[in-house]
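**Q** This is the structure I have questions about; it appears just below.
Quick note: the coordinates plus some simple rules give every number you see, no bench work behind them. Everything quoted here is computed from the prediction, not taken from an experiment. Don't worry about glycine lacking a Cβ; one is built from the backbone with ideal geometry, like all the others, and counts go over all protein chains shown.
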Amino acid sequence: MIVSYLIITLCVQVSIAAVTDGYKSYKDYKIYEIEGDMFGMQKLMGYLQKNYELPYHSRRGDKCLMLVAPDLVPLVDNMAKAGGLTTKTIVDDYSEIIKIEKANPLRSDGFSWTAYYDVDDIYGYLNNMSKTHPDSAQVVVGGQTYEGRQILGLRINTPTRNIKPVMFIESGIHAREWITPATTTYFINQLLTSEDPQIQNLRNSFDWHIFPTVNPDGYHYSYTRDRMWRKTRSKSSWRCYGADPNRNWNYNWLKHGASSNPCDYQTYGGSKPFSEIETRSLSKYITGLDNLVGYVAFHADAQMLLLPYSDSTQHTGNYDDLKQIGQTSLDYGFEVNNEQYKGPATAAEILYKASGGSMDWVRYTKNTPLAFTYELRGRYFYWPPSRIHEQGDEVTQMMLGLATEAAKLGYY
Ligand code: 0X9
Ligand code: ZN
C-alpha cells in the first residue's frame, strides 16, 4: 500500500516536472545505455515498464537504450547496480538534442533537407511540387485525421498511353520517426528533379502514390508538444490519447506485440480494428487502388528491411523473391554510405512479433506482391538535420534497387 502510494506520487511528480506550458521539454532526461546480465536486465525492464511510463526504450542485442527522467535516475542506478548491470550516460540532457533538431526550421528559400518541418510546411511542399510539375504530379487525399487534417500525398504519374503499376509509399505512421517524412520528401524531389536517367526511368515506370506523413496529428504533436509521441491523437479514455496506428489494421489485430491498454504510451492497438480514422480512411484509399504492385512503409530507426508477415517466422508466397529483391535494394543502398541493414527478414525473425500493421494488412487483403518495411537509421529517433540527405540518397538508391530487381523477376 505504502509502496504503491510512493510510486504513484513519484509518477505524478515526474510528469509535472517535465511539462511546462503543455510542452514536454525533456530537460535533464538522460539516454542510458544499460548492459550486462540478461536476468538483471529483464528484471529492471519489467519493473520499470510496469510502474512507469518510459517514453523510449529499445533493445539491441544485449544492450538497452533508455530515456530516463531525472527523478528516476537514482532508482535506475540502484536497481542496475543490484542486478549486476552497468549504465553509461550517452546523452546527458535530451532537451539539447531536441533543440538541435528544431534549429533553423524554415529557411528563407523555402523547403530544404537540412531541417525538419511541421505538417503544414510538408504539405506546402507537396502543393508546390504539384504546381511546378502539373503534368506529372498531383496532390491526393489519402484520408482524414481525428483533428480534422487531411492525409495528403503526391501522385506522380508521368503521362503515357499505358496504365502503369501502382507503387505506394507510406511514411511517418509513427509520429516521432521524423527522419521518415524528411526522407520521403527527399525521394519525391529526386523523382521529380533528378537528371540521372535511371531515376527518371524509375519515376516513369510507376504510378506513384507517396504519403510523407500518414499520421499528421501525431507528427504535429511530436513536433510541438512531446518529441517522443508515437500514436494518433484520438481520445482513447478519460485521460489518455491515441492508438498506435501500426497496430490498428485489421489483420491479426492485437494478437502479438500490441497493448489493449488505452494508456499504453507505445503500442495500444485501439478499441477495435480500424478504430482510428487515419487507418480506416487510408485503408479505403488503398482498397480503391487497382494494379497495386508495391507497398513500401518507412519507419525508424532499427536499420532493417522487413518482409511480411511481421508476426510470423513462416515464409509466405514469394518470400524468396522478396528476399532477393530486398537484398538488391540493400546492396544499392550500401553503395551510397557503406551502411549495412539487417534483413531482409520478417520482423518476427529479427525484431519482434507485431500484429495489426499496415504492410501486413495490405499484403493479406490485396495480395500485393512487393511488400516491404524499411526501418531507417538513427538512435533514439534522432538523426541530425544536416545529414538528412545521406538517408535520402540511400533510400533513393534502395528504391531503384528494389524496382530493378523486381523488373528482372518479372513483377512489372
Ligand atoms: O513496431 C513497429 O511497428 C515497427 N518498428 S518501430 O520501431 N518503427 O515501431 C516494426 C513494424 C513491422 N511491420 C509491421 N508490423 N507491419
Ligand atoms: Zn515505426
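**Q** With a cut-off of 20 Å, note down the residues of segment 178-203 whose backbone N falls inside the zone around a label point 7 Å from the Cα of Ala407 toward its beta carbon.
**A** 187-203
**Q** Mean-square fluctuation check for the chain, GNM, Cα pairs under 10 Å: which of Leu191, Leu289, Leu306 is largest?
**A** Result: Leu289 has the largest fluctuation of those listed.
**Q** Could you work out how far apart the two model spin labels at Ser386 and Thr86 are, taking each label as a point 7 Å from the Cα in the direction of the beta carbon, and quote it in nm?
**A** 3.1
**Q** Roughly speaking, what is the stretch gain from Lys164 to Val141, that is 0.36 nm per residue apart minus the C-alpha to C-alpha distance, in nm to one decimal?
**A** 6.3 nm
**Q** Kindly write out, for segment 333-349 in residue order, the coupling ³J(HN,Hα) from the Karplus curve 6.51 cos²θ - 1.76 cosθ + 1.60 (θ = phi - 60°), rounded to whole Hz, with x marking Gly and Pro.
**A** x, 4, 4, 7, 10, 6, 9, 8, 9, 6, x, x, 6, 6, 4, 4, 7
**Q** Once phi is turned into θ = phi - 60°, what whole-Hz ³J(HN,Hα) does the Karplus curve with 6.51, -1.76 and 1.60 give for every residue of segment 278-293, x standing for Gly and Pro?
**A** In residue order, the calculated couplings are 5, 6, 5, 6, 5, 5, 5, 4, 5, 4, x, 8, 7, 6, 6, 9 Hz.
**Q** Just check segment 258-412 against the gyration tensor rule for me: Cα atoms, a ≥ b ≥ c as the square roots of the eigenvalues, rounded for a/c under 1.5, and otherwise prolate or oblate depending on whether a/b exceeds b/c.
**A** Verdict is oblate for segment 258-412.
**Q** Excluding Gly84 itself, calculate the net charge of residues whose Cβ lies under 12 Å from the Cβ of Gly84, where each Lys or Arg counts +1 and each Asp or Glu counts -1.
**A** That sum, taken over residues with Cβ under 12 Å, equals 0.
**Q** Name the residue, out of Asp28, Asp226, Asp244, whose mean-square fluctuation peaks in a Gaussian network model built on the chain with Cα pairs under 10 Å.
**A** Maximum fluctuation in the GNM of the chain, among the listed residues, is at Asp28.
**Q** Okay, next question. Any idea how far apart Asp120 and Gln150 come out in nm if each label point goes 7 Å out from Cα toward Cβ?
**A** 1.6
**Q** Shifting gears a bit: Can you pull the semi-axes for the chain, root of five times each eigenvalue of the Cα gyration tensor, sorted largest first, whole Å? List each step's numbers first, then the result.
**A** On the way: eigenvalues 256, 105, 88 Å².
For the chain, the semi-axes come out at 36, 23, 21 Å.
**Q** Quick one: Karplus J couplings for segment 57-65, per residue in order, coefficients 6.51, -1.76, 1.60, θ = phi - 60°, nearest Hz, x for Gly and Pro?
**A** 8, 8, 10, 10, x, 9, 10, 10, 9
**Q** Restricting everything to alpha-carbon atoms, can you work out Rg to Rh for segment 355-412 with a Kirkwood hydrodynamic radius? Intermediate values should be presented prior to the final figure.
**A** Values: Rg = 14.7 Å, Rh = 13.7 Å.
Reported Rg/Rh, Kirkwood definition of Rh: 1.07.
**Q** Pick from Trp249, Trp208, Trp113: which is most flexible by mean-square fluctuation in a GNM of the chain where alpha carbon atoms under 10 Å apart are linked?
**A** Greatest mean-square fluctuation among the candidates belongs to Trp113.
**Q** Which cross-chain or sequence-distant (5 or more) residues have an amide H under 5 Å from the amide H of Gly142, H modelled 1.01 Å from N in plane?
**A** Ile151, Leu152, Gly153
**Q** Return the lysines within reach of Lys81: Cα separation strictly under 19 angstrom, same-chain partners fewer than 8 residues apart disregarded; answer none if there are no such residues.
**A** Lys30, Lys43, Lys63
**Q** Starting from the coordinates of the alpha-carbon atoms of segment 99-188, obtain the Kirkwood hydrodynamic radius over all distinct pairs and give the value in Å to one decimal.
**A** Evaluated on segment 99-188, it is 14.5 Å.
**Q** Quick one: which residues, 5+ away or cross-chain, put their amide H under 5 Å from the amide H of Lys342? H built at 1.01 Å from N.
**A** Those qualifying (amide H under 5 Å, at least 5 residues apart or on another chain) are Met304, Leu305.
**Q** Still on this structure: Enumerate the amide H contacts of His256 below 5 Å, restricted to partners 5 or more residues apart or on another chain; note that Pro and chain-start residues carry no placed amide H.
**A** Distant-sequence amide H within range of His256: Ser355.
**Q** Quick one: compute the contact order of the chain, relative version, from alpha carbon pairs under 8 angstrom and 6+ residues apart, as a percent.
**A** 15
**Q** Next question. For Lys255 and Lys63 in one chain, what is 0.36 nm times their gap in residues minus the Cα-Cα distance, to one decimal in nm?
**A** Gain on stretching Lys255 to Lys63: 66.4 nm.
**Q** Next up: Can you spot the lysines whose alpha carbon is less than 20 Å from Lys27's alpha carbon? Ignore those fewer than 8 places along the same chain.
**A** Lys88, Lys99, Lys102
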